[in-house]
Amino acid sequence: MRVIFAALAAVLLARPAAAADELPIFDAHIHYSHDAWTMLPPDEAIAVLRKAGLRRALVSSSSDDGTQKLYDAAPDLIVPELRPYRSRGELSTWLHDPTVIQHLEDRLARYKYVGIGEFHVYGADADLPVMRRVVELAKQHGLILHLHGDAEAIDRVFAQDPGAHILWAHSGFDRPERLRAMLSKYKTLSADLAVRSDHASDGKLDPEWRQLFTDFPDRFMLGTDTYTPERWYYVAEHASWSRAWLTDLPRDLAERLAYRNAEALLLGERVPR
Ligand SMILES: [Zn+2]
């Protein structure tokens, strides 16, 4: 296993450096979880991100120590986000585990973050006490919520805090018409395109998605989602694939999707409320 990972790391680092004139990318969906650390030590992980031509990366990890390792290695590149999971297995249990709250409060007191997430929540679970406290913490600390879930969960979080800033992971794996309805309803809802490929193929955009990007130019951003260690292999490939379909958009809109929207949402000033 280690041999395979070492070989993979060698392949990743053998890529040529990003060309100076290529579109910079803010990858808004990177994880560096405990099983990735042994495959790619922090310095090598940073090298992978830089060679992909990333300007910034929104990173959250199970556990958060992974995010801190990357941030220490490259504070100019890494934008930290606090994941509630201390290990991979908590994805389906965290909403029923009150100790998650103490964990989040401890980390928020020690480190700087732009958001809480990515976390998983569906339907009525968004009204469970742990989720309610997460929404309150985001409000108090001026953080975005990176939510992997359905439209009902989004509705319920906005009902708790109409001023919340939500980044909808994977655009909810939802259809363009539902995204249109949700983006129209909530002005502070944004969406990442991680693990989506239905919006473009062969460097051309699907017409319905093109209209959605055109009508909501400030809301979408890119993401790879390194949900397993092997996914690190795709960071550069995903950046290249994204640059290809972005050329099918006017330059200004392409830049917004590539990095400007993420910079505005994640690096802009947001005051605690
Ligand atoms: Zn993810």
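FYI, it's all coordinate maths here, none of it is from the lab. All figures in this text were calculated on a predicted structure; none of them were measured in a lab. When we count neighbours, we look across all protein chains shown, and the Cβ atoms used for this are built from the backbone with ideal geometry, even at glycine.
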| message | Restricting to region 86-106, count the residues that are surrounded by 11 or more Cβ atoms within 10 Å (Cβ to Cβ), polar (S, T, N, Q) and in contact with a strand residue (DSSP E or B) (Cβ under 8 Å, 6 or more places away or on another chain). | response | 0
| remark: The residue that is farthest from residue 115 (Cα to Cα), considering only those in region 165-196 that are in contact (Cβ under 8 Å) with a residue 12 or more places away in the chain and of a type in the set (S, T, N, Q), is 171
| Residue count for region 239-272, restricted to those that are without any contact (Cβ under 8 Å) to a residue 40 or more places away in the chain and either surrounded by 21 or more Cβ atoms within 10 Å (Cβ to Cβ) or among the acidic types (Asp, Glu) (or both) | 3
| Among the residues of region 107-121, how many are outside any strand (DSSP E or B) and surrounded by 15 or more Cβ atoms within 10 Å (Cβ to Cβ)? | 4
| So, in region 181-207, of the ones that are within 16 Å of the ligand (Cβ to nearest atom) and among the hydroxyl-bearing types (Ser, Thr, Tyr), which residue ends up farthest from the chain's Cα centre (by Cα)? | 197
| task | Output yes when any residue across region 181-188 is in contact with a Gly (Cβ under 8 Å, 6 or more places away or on another chain), closer than 22 Å to residue 151 by Cβ and of a type outside the set (Val, Ile, Thr), and no when none is. | result | yes
| request: For residues that are more than 23 Å from residue 108 (Cβ to Cβ) and assigned to a strand (DSSP E or B), scanning just region 29-84, find the one that is farthest from the ligand (Cβ to nearest atom). | output: 55
